[in-house]
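Visitor: If you scroll down you'll find the structure; I have some questions about it.
The values are calculated or read from the model by the stated rules, or taken from the named source; none is laboratory data. Note that this is a predicted model, so its numbers are computed, not measured. Ideal geometry is used to build each Cβ from the backbone, glycine not excepted, and the neighbour counts take in all protein chains shown. Only protein heavy atoms, including side chains, enter the accessible area calculation; ligands, DNA and RNA are left aside. Shrake-Rupley method; radii C 1.70, N 1.55, O 1.52, S 1.80 Å.
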Amino acid sequence: MKEIETTHPAIHDFKVDMDKGRITRRQFLRYATLLGMSVAGASQMAGFTWPKKAFAAQKRGGVLKFGMLIQEMADPGTYSWTEKSVVARHIVEYLVETGPDNITRPYLAESWEASDDLKSWTFNLRKGVKWSNGDDFNADDVVFNFTRWLDPKTGSSNLGLFDAMLEETGEKDAKGNPVKRMIKNAVQKVDNHTVRLNLKSPVLSIPENLYNYPTAIVHRNFEKDGGDLSKNPVGTGPYTLSEFRVGELAVLKKRKEPYWGGEVFLDEIRFVDLGQDAGAYLAAIASKQVDGIFALDLTTLEAAKNIPGINVSDIPSTQTGVIRMKVTEKPFTDIRVRKALQKTCDAKRQLDIAHRGLGIVAEHHHVAKIHPEYFALPAFKQDIAGAKKLLAEAGYPNGIELTCNVGNTDGVWEQDSVAVLKEDAAKAGINIKMNVMPTAQYWDVWTKAPLSLTTWTHRPLAVMVLGLAYRTGVPWNESSYANPEWDAALTEAESTLDVEKRRAKMEKVEKILQDDAVMIQPFFRSVFTAVRDNVVGFEMHPTRYFRFHKVSLA
C-alpha cells in the first residue's frame, strides 16, 4: 500500500516527549501514525525494528468454518454487536484499519493529513477500488456515510464519536436532551477521491474513530437499495454473502474479480451459530467441526489449552463489564444511593473471583491503565461504613432492595461479577436480586433497566468509549447520564495534543465520572479465543475484529 509521509509539527513534539521518556516508543508510533505518518516512517524515527511474521507457506482455496453467533446484520451504521461486524467486514470495509497492535493504518483511505490545529482532516481515498456492483468507490460514498451516521434519525452510535462535527439545534428530544445536527460543511467533498472533515474543536482520534465497528463504509445508494446489507450485500471487500440465516449460518464466498487489497486465500468462510453454550463451541472445535471460535470463556479456557491441535490466543484489552445505574430512574436519581452502592465494591476481589485475576482492576470511570491517556487517581477503596451512612442520609436506614439485570452476553463471568457485588453490598444493607435473562432478551432492554451489567468492548483510546457511552444524549448512553461540565471536560481532553497536558485534563474527566457514581466498574478483562493448528495467519485482536483476508488453511 502506498503511504504518504506527513510533517505535522506535533510529530516533532512527540519525538521530544519520547526522547525524554514521557511517552513510550509504541505510544509515539501510535500518535505519529494518527497524524498521517506511515508506520515505516514512524518506526524508523522511533528506532523500532519490527520482526517479520513468519507464517508457513499459505495455500489457496478451502473453506474456513468459524463458530459464532449469527445475528441480523441489516445496517452496519447501527450495529451494536461485534459479531455482526465480523461477518460484514469481509463485504464492506473501513477507511482505516486498527490492528492488534493498536496502530491505525490506511485502508480505503490511502492516506490522511491533519491541520496543525487538528480541526481539519483530509482523507485521500484509494483509487481503482470497485464496488461489487461495478461502481467506482469515491468521495460520494464517504460523504453519504458521514451524513447518514450524523443524522439523529439513523440512530447510529457514531454520533458519540464525532461530536465535534455536530451543533445543537436548540430543540430537545423526548428525554429532554439537546437535539444535534451535522454542522454545514462538516464533511466536504474536495474531489472524487478526497474528503475533508471540518471540526468545531480539535480531535486527535479521528482516524481511530473510523475503525469503530459501526463505521463500515456502505455504498452511496445503500438506503435507495433497501438499507439491508444481508439482502443486498454490495461491498468493496473480497467476499460476498451467499447464504444467511439468523441464528444458524452465514456463508461468504470469494468474489471472482481480483481484490484490490491483494491475494485472498480462502474460497469460502462459513460462520456457524452453535447457540449460547460455551461448551458447544469447545466441543465443535475439539471434534474439528469448526476451525475456530469467536471466543473462549472462563469455563472452557483451561480445557481448551489441554486439547491437542488447538491453539489458544489471548490478549490484554479494555473489554469490561459495567454495572451501571440509570440516573433518571429511582432510586438512582439520588446520588447518595449510587455512591453507596459504588462504595461497597471490592474491585480486586471482583477480578479475582469473577475473572480469575485475568485482567486489570478498574476504578469506576471506564478508563484503563493501558489507555494512553489514563491519569492515575487516588486508589478507590471499599467503604462499607461510608455506604451505610449514605444510605441512611438518603432515607434508607434499614437498607434497600435492588434488582440487577444480567444477560451473560459474553460469558458467565457477568453473573459472577454481580454475585460478588451482591455479597459485598449486603454488608451495607443493599440487597440485590439478580435477574438473569436470555441474551436476546437482555439486549431488548439494556438501555431501559434501572440497574444492569453491560459488556463494553475494547477501544484503543479512552475518549472513544467515553464519547460513545456517557456523552449527553448519545444513543448508547444507557445510564442517561447528562453532565455539561463533564461533556466539556471530555471535549477539552480529546482536543489536547500535548501528551502530558491531555493526561492532566483526563484527571477531571475521570474524577467527575467517578464522583457522579454512574457505574460500578470493577475490572477490565483479558480476552481469549481458539483456532485449530491448521489455520495459518490468524491474529488475535483485542476487540475481536477478526478479518480472514490473509488467513489460509494448511
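Visitor: Considering only C-alpha atoms, what is the centroid distance from segment 526-554 to segment 343-357, in Å?
Guide: 30 Å
Visitor: Under a Cβ-Cβ cut-off of 13 Å, what is the net charge of the residues other than V190 that fall near it, where Lys and Arg count +1 and Asp and Glu count -1?
Guide: -1
Visitor: Right, something else. Straight-line reach from K348: which lysines have Cα under 16 Å away, leaving out those fewer than 8 places along the same chain?
Guide: Candidates past the 8-residue exclusion: K369, K381, K422.
Visitor: Here's something else I'd like to know. Assuming 1.567 mPa s and 4 °C, estimate D for segment 241-340 with Stokes-Einstein, Rh taken as the Kirkwood radius over Cα pairs, in µm²/s.
Guide: The Stokes-Einstein estimate is 73 µm²/s.
Visitor: Determine the dipole magnitude for segment 119-171: charges of +1 sit on the beta-carbon of Lys and Arg, -1 on that of Asp and Glu, nothing else is charged, the reference point is the Cα centre, and the result goes in debye to the nearest 20.
Guide: Charge dipole of segment 119-171: 340 debye, to the nearest 20.
Visitor: Output wanted: per-residue J couplings in Hz (rounded whole) for segment 536-547, from phi through Karplus 6.51 cos²θ - 1.76 cosθ + 1.60, θ = phi - 60°, x for Gly and Pro.
Guide: Each residue of segment 536-547 in turn: 10, x, 6, 10, 5, 10, x, 9, 6, 7, 6, 10 Hz.
Visitor: Also: Using each residue's phi in segment 200-209, evaluate 6.51 cos²θ - 1.76 cosθ + 1.60 at θ = phi - 60° and report the 3J(HN,Hα) Karplus result to the nearest Hz, with x for Gly and Pro.
Guide: 7, 8, x, 9, 7, 8, 3, x, 5, 4
Visitor: Roughly what percent of Cα-Cα pairs across segment 450-534 reach past 22 Å?
Guide: Everything past 22 Å amounts to 33 percent.
Visitor: Compute the distribution of all C-alpha to C-alpha distances in segment 298-419, in bins of 10 Å from 0, and list the percent of pairs in each, rounded to whole numbers.
Guide: 11, 34, 34, 15, 6, 1
Visitor: Right, something else. State, to one decimal in nm², a quarter of the convex hull surface area for the C-alpha atoms of segment 187-267, i.e. the direction-averaged projected area.
Guide: Here the figure is 8.1 nm², rounded to one decimal.
Visitor: To make sure I understand the rule: partners must be lysines, Cα under 21 Å from the Cα of K175, and not fewer than 8 residues away in the same chain. Which ones qualify?
Guide: Straight-line reach from K175, under 21 Å: K153, K326, K330, K448.
Visitor: Which loop trypsin sites (Lys or Arg not before Pro) in segment 321-384, with loop taken from DSSP, have no more than 13 other Cβ atoms within 10 angstrom of their Cβ?
Guide: K369, K381
Visitor: A further question on this structure: With 34 Å as the cut-off, how large is the P(r) tail for the chain, expressed as percent of Cα-Cα pairs?
Guide: When all Cα pairs of the chain are counted, 40 percent exceed 34 Å.
Visitor: In units of 2.2 N^0.38 Å, what is the alpha-carbon radius of gyration of segment 481-524?
Guide: Dividing the Cα radius of gyration by 2.2 N^0.38 Å gives 1.21.
Visitor: Quick one: accessible area per residue over the chain, 1.4 Å probe, rounded to a whole number of Å²?
Guide: That works out to 39 Å² per residue.
Visitor: Which loop-located GluC sites (Glu not before Pro) does segment 71-133 contain, where loop means any DSSP state but H, G, I, E or B and the Cβ has at most 16 other Cβ atoms within 10 Å?
Guide: E72
Visitor: Now, a different point. Per the Kirkwood formula on distinct C-alpha pairs, the Rh of segment 137-288 is how many angstrom?
Guide: 18.6 Å
Visitor: Provide the net charge surrounding Y259, with neighbours chosen by a C-beta distance below 12 Å and charges set as Lys +1, Arg +1, Asp -1, Glu -1.
Guide: Net of charged neighbours comes to +2.
Visitor: Enumerate by residue number the GluC sites (Glu not before Pro) in segment 258-356 meeting two conditions: DSSP loop (anything except H, G, I, E, B), and at most 14 other Cβ atoms within 10 Å of the site's Cβ.
Guide: Here the GluC sites (Glu not before Pro) that fit, given the DSSP loop and packing criteria, are E263, E329.
Visitor: To continue, here is another question. First compute the accessible area of the chain with a 1.4 Å probe, then give the percent of it belonging to carbon and sulfur atoms.
Guide: 50 percent
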